[in-house]
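The values are calculated or read from the model by the stated rules, or taken from the named source; none is laboratory data. What you are looking at is a predicted structure, and each value in this text was computed from that prediction instead of being measured. Here the Cβ positions follow ideal geometry from the backbone for every residue, glycine too, while neighbour counts run over all protein chains shown. When the accessible area is computed, the model is the full protein with side chains, heavy atoms only, and any ligands, DNA or RNA have been set aside. Shrake-Rupley method; radii C 1.70, N 1.55, O 1.52, S 1.80 Å.
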Amino acid sequence: MGIKRRHWAWAAAPLALALLAATGCESTSSARSKPAAAPPTPVARVCAKPAAGPTRAPAGAVTVDPKVVGDLAAKTKSNPPNTTFWLRPGKHRLDPDRYAQVIPKKGNRYLGAPGAVLDGRKKNQYAFGGTARDVTIGYLTVQRFVAPPDEGVVNHDSADGWVIEHATIQRNSGAGLMAGDRQQVRASCLRDNGQYGMNAYKATGRISGLVVEDNEIVGNNTDDWERRRKGCGCTGGIKFWAVDGADVRGNWVHDNRGPGLWADTNNNDFRIEKNVLEANDGAALIYETSYNAVIRNNTIRRNNWVEGRREADRGDTFPYATVYLSESGGEPRIRARTGKIEIYRNVLENNWSGITLWENADRFCNSPANTSSGDCTLLVRDTDRCAKPAIATAPLYADCRWKTQRVDIHDNRFVLDKSVLQCTVKCDRMAVLANYGTYPDWSPYQGKRVADAITTEQHNRWHDNVYVGPWKFVAHDPSRVLDFGQWQGTPYRQDAGSTLDPQAGG
């Protein structure tokens, strides 16, 4: 946990729409050529219009009384597995002990009546915990629990097979919920939690088969953890860790204090599609030290205004972008539904910069500069193998580092009106780059080897996109800022079949 997000500069260099978003209307911006992307995606307005639960107890259900403190936990303990519990309207409470919580049994179902709330009263740390599988929580509001940092309130122990649907999980400390194998989170409101809306993390092993669909994920990281732990890399609407197979679709991810979605460390096989990602303080999407993904048919607008502007004001030359791939790429040797990262048919409008592909030359297995807490790639499980002299030869030279490779960016529409962002510089970048390798002294990746590789040797391609606005392009290292002709020309040869109209529509 607590993986840091670092950017290493080249050599020693220093480092409208709100209403349009709410209504789902399109900008009037246009390009000279073909439409390059799907129309904007409708948003999932779950928080404003939550679905109502059953007004009567389902047949065979155990009724839970909000007037009896601890009734839900007590009745869960006294009833067998596969029991359905119906929570009456009102505010349900647990015993006042900080560790008091509901420990479901296998197959239990918890359904809230209209107005049913489970309230931690800022006293209880966890709402639902334990290792029971196949638990369902629906039509219930869970609020005001005080989980510690990096821990979660619902499914605290990352049990498998849980279904969270039509739930509102709000105003909790830590993460609103954790995730286990085969977890489904559908049509729920994850709102105003202190750190994450969801922390998809399992203390032992990997998570597989995760579905996150038709949710509203808004206003999370109210405790501003990046300020409290500078550089912690521990925020996001949702954070994914070591997830193998995830479908993230149809969600409205907006106004989070930090990134919207952040997949960090050895995630694989993601499909991120038909989401609306907007007005997040940081990037809409970070895909870091991870593999194999399809990112398509998303509407991405007004992201990264806070973090991008802050770094620009500090004089940082790094191209902070709204879609940020850091040491992540396609790897056919790792089983997935694709062998590359494909980004296509998305609409990106008035974000702070566009897409950055980045690879830190000093970040690899067994390097002190590896911020991934001692993890190694999915190709080399034993970190100790990545040491001299073996790391300088095949296959370890290639397999001991996460590589930004086989990224295919096509048929997207990128719109930028600087007057909307109130920006004059550094908000207009599309980039593929690395730093000059310097560390540690035994590294076989020193010099410009990694920068050369990510730029021209690792099959990273932009093509058939539409650009509207005064876009610039960065290649190889932060000092190489190119115009469209230079970007398309030798030696970079990017964006074949693409068009650029420098006049933004506004």
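Report, to two decimal places, the Cα Rg of the stretch 324-409 normalised by 2.2 N^0.38 Å (N = number of residues).
Details: Rg = 14.9 Å, N = 86, 2.2 N^0.38 = 12.0 Å.
The stretch 324-409 yields a ratio of 1.25.
Temperature 4 °C, viscosity 1.567 mPa s: under these conditions the Stokes-Einstein estimate for the chain, based on its Kirkwood radius over C-alpha pairs, is 56 µm² per second.
Want the number for Arg133 to Gln422: 0.36 nm per residue separation, take away the alpha-carbon distance, what's left?
99.0 nm
Based on alpha carbons, the Rg and Dmax found for the stretch 149-275 are 12.7, 35 Å. Phi-derived couplings, Karplus 6.51 cos²θ - 1.76 cosθ + 1.60 at θ = phi - 60°, listed residue by residue for the stretch 100-105: 4, 7, 8, 10, x, 9 Hz, with x used for Gly and Pro. Take the Cα of Thr393, step 7 Å toward its Cβ, do the same at Arg229, and the gap between the two points is 4.1 nm. Taking θ as phi - 60° and the Karplus parameters 6.51, -1.76 and 1.60, the scalar couplings of the stretch 277-286 work out to 10, 8, 6, 7, 4, x, 4, 5, 8, 10 Hz in sequence order, x denoting glycine and proline.
P(r) for the stretch 298-457, from all Cα pairs and a bin width of 5 Å, is 2, 9, 15, 18, 17, 15, 11, 8, 4, 1, 0 %, short bins first. Give the separation of the Cα centroids, the stretch 431-503 to the stretch 65-107, in Å. One Cα centre to the other: 56 Å. For the stretch 396-412, 3J(HN,Hα) computed residue by residue from phi via the Karplus equation (6.51, -1.76, 1.60; θ = phi - 60°) reads 5, 4, 7, 8, 7, 10, 6, 10, 8, 8, 6, 9, 10, 10, 8, 6, 9 Hz, glycine and proline entered as x.
Taking every Cα-Cα distance in the stretch 229-326 and sorting them into 10 Å bins starting at zero, the pair-distance distribution P(r) comes out as 17, 50, 29, 4 percent.
Across the stretch 394-468 the C-alpha pair distances fall into 5 Å bins from zero in the proportions 3, 12, 17, 18, 15, 13, 10, 7, 4, 1, 0 percent. Reducing the stretch 110-180 and the stretch 331-378 to their Cα centroids gives an inter-centroid distance of 31 Å. Ranking Val69, Val154 by solvent-accessible area of protein heavy atoms (1.4 Å probe, all protein chains present), from largest to smallest, gives Val69, Val154. Only helical runs count toward this figure. For the chain, summing -39,500 (n - 2.57) over DSSP H runs of n ≥ 4 and dividing by all residues gives -2000 deg cm²/dmol at 222 nm.
When the pairs Lys49/Lys75; Lys91/Lys274; Lys91/Lys239; Lys106/Lys202; Lys49/Lys105; Lys75/Lys202 are compared against a 24 Å limit on Cα-Cα distance, Lys49/Lys75; Lys91/Lys274; Lys91/Lys239; Lys49/Lys105; Lys75/Lys202 fall above it. Its convex hull of Cα atoms gives the stretch 59-114 a direction-averaged projected area, equal to a quarter of the hull surface, of 3.9 nm². Taken over the stretch 438-506, the alpha-carbon convex hull comes to 101 cubic angstrom per residue. Each of Ile272, Pro149, Ser328 was scored by the projection of its Cα onto the charge dipole of the chain, and the greatest displacement toward the positive side belongs to Pro149; charges sit on the C-beta of Lys, Arg, Asp and Glu.
Under 17 Å from the Cα of Lys403, which lysines turn up, not counting those fewer than eight places away in the same chain? In chain and number order, the partners are Lys340, Lys448.
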